[in-house]
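Working notes, structure below.
Here, each number is a calculation from the coordinates, and none is a lab measurement. Since the model is a prediction, treat every value here as computed from it, not as a measurement. When we count neighbours, we look across all protein chains shown, and the Cβ atoms used for this are built from the backbone with ideal geometry, even at glycine.
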Amino acid sequence: MPDPEKDEKLTKVAAEKLMSALNRADEIGGELRDFIQDKMATDPRYIRARKAWAKLVGKDFESKEETDAKAKAAEAKRAARAAPTPAAKPSPTQVGFGDPSIKAQVFGKQSDPWSGRARTVLEREKVDFDWVDLEEPENEAKLVPLVNETKQHTVPFIYLRGQFIGGFNALAEIHRLGQLDYALMTKDERDKVPAHARFEIVPRPNTDEIVPADELPG
């Protein structure tokens, strides 16, 4: 059965012998001293003995490897703090009135029949859309910028996934051609569509709204 008291005594004796050898090496000098010091710094047995001796006299002891490891860790920490922080990528800003995060936007007038017909098409197709009434006092100032942005002079101004497409006639044509679902996709969703099934959604600004007979509300 292990005897802790006996083990402690043996450790103390070994540590005392080791310190005595080191002191003797200092007296002798030269290669023997360097050899012992190197052993003290690298040999696990000597390191354990030094730690035991330090513990007996109430001190701490670190081996050369431990000291080097701590120095490297501290240097790495300093370097990490000093390294420039990568500049955050600017978040994409919305340009103009079109918002790609919204399926459909209709800027129109409550009193305008073409605005009403555009809303009817989207409602009939169960499309979530934003409606902005340009006759409301808080929205009146948007009319001139919309005309300047779209080069269209009549309401409604319709955007699908942030892209201006025109007025009611443009929406009706996209719907008639079966392109509405594609026009309402996000960019990532469109990228997954096979090339042969993609469409080019071309803006069709107009100045005269003529409603196709097949798009009249039923």
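Count the net charge of all other residues whose Cβ sits under 11 Å from the Cβ of residue 60, scoring Lys and Arg as +1 and Asp and Glu as -1.
Overall, the nearby charge balance is +2.
Please arrange 63, 115 by how many other C-beta atoms lie within 10 Å of their C-beta, fewest to most.
Values: 63 18, 115 27.
Fewest to most other Cβ atoms nearby, the residues stand as 63, 115.
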Residue exposure sequence - 46, 159 - by fewest surrounding Cβ within 10 Å: 46, 159
Cross-link pairs beyond the 24 Å C-alpha cut-off, checked among 17/59; 142/187; 109/187; 51/77; 109/151: 142/187; 109/187; 51/77
Neighbour-count order for 201, 102, fewest beta carbons within 10 angstrom listed first: 102, 201
